[in-house]
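Throughout, read-outs are computed from the coordinates displayed, never taken from laboratory work. Bear in mind the structure is a predicted one, so any value in this text is a computation, not a measurement. Neighbour counts are summed over all protein chains in view; Cβ atoms, including those assigned to glycine, are modelled from backbone coordinates with ideal geometry.
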Amino acid sequence: GRGPGRPRGTVVVDLCCGSGAVGAALVAALDRAELYAVDIDPAAVRCARRNVAATGGEVYEGDLYEPLPAALRGRVDVLVANAPYVPTEAIGLLPPEARVHEPLVALDGGADGLDVQRRVTASASLWLAPGGCLLVETSERQAPRTAEAFARDGLVPRVMACDELNATVVIGTRPACAAES
């Protein structure tokens, strides 16, 4: 357990956690970590609670940052968000395995697909520790606009793509120290 005087582990927050797999994998890869996962879908929360139980992590039901303990503000080292990024009009074009088996709330990113991502980024700097990172999965086409949102909200963005996994992630780092004014 965590007792007084023990060094705290890496604080990981997994927003839009779904089954909790991403957060659980991160915690497994880190030496010591505290996991806090959130999803708005009650079925996802039930599933995530089963999947992250072994990590000692906490799973909350609610909208993005809203259910997280206030004590985490400014302490999060790694913030991951697999927020929905499919434009509303494109949902019907998804393969049936995605369209039929995923809840709409897990897919619908609004008119341009970036509504939820913008909400994640807007508050990220309040939760991230200095030097902490936000990682958001997005499409290759949307990555430049996601990176712009990161920069607008005070994060230093970079885009990483993995052709093998057909995956694109925008990583935003909170600067380690704010400029003196």
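Which residues does a label at GLU66 reach in the stretch 18-58, if reach means a backbone N under 14 Å from a point 7 Å past the Cα toward the Cβ?
Counting backbone N atoms under 14 Å from the label point, the list is 38-42.
Rounded, prolate or oblate: which fits the stretch 10-173, taking a ≥ b ≥ c as square roots of the Cα gyration tensor eigenvalues, rounded meaning a/c under 1.5, else prolate when a/b beats b/c?
It is oblate, given that a/c is not under 1.5 and a/b is not larger than b/c.
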